[in-house]
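Take a look at the structure set out below.
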Amino acid sequence: MPGVTRLAVLTNPASPYTGPFLKVRESAARSLGVQLQVLEVHDPSEIDKAFAAMASERAGGLMVLADIMFITQRTGVSWSWRPRADYQPYMANGSS
């Protein structure tokens, strides 16, 4: 995403993919000069709090680690959060 300097990353720490996913993304972010805001969500009740933190920290975009919890909650009100008009969420499947 051109121009983004701060990217929120929504993760479920219980997922076995979270560690490897973050390791690769953190390395890529450093090389691009992008700061990652990693937000851990343990259950659906924490999603709204994570989106509030994204807004508070002024994240320029959102990357979501593909996880059954996020997939089943994708129609929630919070998913309409957009930091700017051309914002598009990205859901990663855990592969590099």
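Condition first: in contact with a helix residue (DSSP H, G or I) (Cβ under 6 Å, 6 or more places away or on another chain), part of a helix (DSSP H, G or I) and more than 16 Å from Phe70 (Cβ to Cβ). Now tell me which residues in region 6-50 satisfy that.
none
Quick one: would you say Asp48 is more than 20 Å from Gly3 (Cβ to Cβ), in contact (Cβ under 8 Å) with a residue 24 or more places away in the chain and surrounded by fewer than 11 Cβ atoms within 10 Å (Cβ to Cβ)?
Answer is no for this residue.
Of the residues Met63, Met91, Met54, only one is closer than 10 Å to Leu10 by Cβ, surrounded by 10 or more Cβ atoms within 10 Å (Cβ to Cβ) and at pLDDT below 50; which?
Only one candidate passes the filter, namely Met91.
The values are calculated or read from the model by the stated rules, or taken from the named source; none is laboratory data. The structure displayed is predicted, hence computed values, not measured ones. Positions of Cβ are generated from backbone atoms using ideal geometry, with glycine treated the same way; all protein chains shown enter the neighbour counts.
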